[in-house]
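Any read-out appearing in this document is the output of simple, stated calculations on the displayed coordinates, not a laboratory observation. All values reported here derive from a predicted model rather than from experimental measurement. Cβ sites come from the backbone with ideal geometry, for glycine too, and all protein chains shown count toward neighbours.
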Amino acid sequence: MDARAMFGNRALPGIFMRWTRAIMAWMRARGIPAVGYLDDFFCVPETKEQAEEAMLLLVEFVTFLGFKVNGAKCEGPSQLLEFLGVLLSTEGDVCTASIDEERIANVVKQAGELRARAARGMVSRRALESLLGLLAFCNHLVWGLSLYTRRGFHFLAVTTGKRMVRLPHRLLEDLAVLEQVVRQYNGKRVVLERRLVDERHFATDASGTLGFGGVWERLFFILVWADLARLPQHPWFPRRAGCPSSRSINYLELFAVWWAVVLWGHQMSGRTVVVNIDNQSAMYQVGSWWGPVEYLPPQRHIFFMCAKQDIRLQPKYINTKETCWRICFPSWTCRAAWWSTRPSCGLPSGARIGTIRWFARIMLAILENFLKCKRKQHWGTTACFLVPVWDGNEG
């Protein structure tokens, strides 16, 4: 067997990966948890003795296959190890995965040089590409970093073919806070500890014309757009004058998620929360912190609240029909103390907030809407209302 690779053969990475997968399967069959990429192998036993045994077994097997092992590049059992550019540590209570200080310093240096050149005028497009390439790797380990690289990638897309470019003001603002973001959220994207999953039903929804709302188990909130417009407006609020994108349904759905996290986030702290959304675009953006540049304001403020309360949102698609059934026919008891808090920006007097037993109070509005639909479309428009009645019912 030829165990020496010729330089420049593009087929070799695929061939090496076949060998790597075979070696990993052989190790796992012997009860050793291991991963590999090309010629890099990583074993994660439970004890130091098991780690030494796994390393000797791996070296012996790879040598048996005809490959030469460089002992100087083999790392023995350790609780702090860099693998494929990722700094893995088990020195604390939980395992962490982060980027090292050298790479952070490189990010800060490149961002500073780029900002200094931009202050004098045009900059090389290739320099921006180099920085964004480095940040793309860091994004795998720095929680929320994609929210500060999105404008950069969008700018590259619209300046294709240019060698020198002038960086826009908002892109420079993102570069200015890169060091703070990288240091503050480094190692927090990859969760290597078991977190409590909040299984209570949590859903948000928004309408392009009426308003928005949300439900969390026994609690709910409803607010119409006209009432929201009377509140002090913030730069990330929807339906702003001169900003058409803030009126799109995707933007409105994201804002509903933000309002719900502000309202109930202090009760979700330290948990992974499943949020049901009937808009696939909003669901993807909340799950990946990535989306069109126009939607960055609500995305960032959702992220800030999640970081502040230590919440991990796990978006899940739910159709509108299922949402209505969940809201209209609950089976839970009421506890008024659970909904006594409100967002810091306050709710107007016209907003409704409370337990889910509000369905009977909006029955008239539902009937009115049904009759309007019936007048527009006589055939095929039906409704079914289930009204529970029993002896002693006060209603």
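Listed by chain and number, the lysines whose C-alpha is less than 19 Å from the C-alpha of residue 188, apart from same-chain residues fewer than 8 away, are 308. As an equivalent ellipsoid, region 3-156 spans semi-axes of 37, 21, 13 angstrom, where each value is the square root of five times an eigenvalue of the C-alpha gyration tensor, largest first. Here the Karplus relation 6.51 cos²θ - 1.76 cosθ + 1.60, evaluated at θ = phi - 60°, turns the backbone of region 209-217 into coupling constants of 10, 8, x, 8, x, x, 9, 9, 6 Hz, with x for every Gly and Pro. Taking all Cα-Cα distances within region 12-77, those exceeding 14 Å account for 57%. Computed over region 101-185, the Cα gyration tensor eigenvalues convert (square root of 5λ each) into semi-axes of 20, 13, 11 Å, ordered from largest to smallest. The charge dipole of region 1-105, taken about its Cα centre with unit charges on the Cβ atoms of Lys, Arg (+1), Asp and Glu (-1) only, comes to about 740 debye.
Compactness of region 273-314, taken as the C-alpha radius of gyration over 2.2 N^0.38 Å, stands at 1.10.
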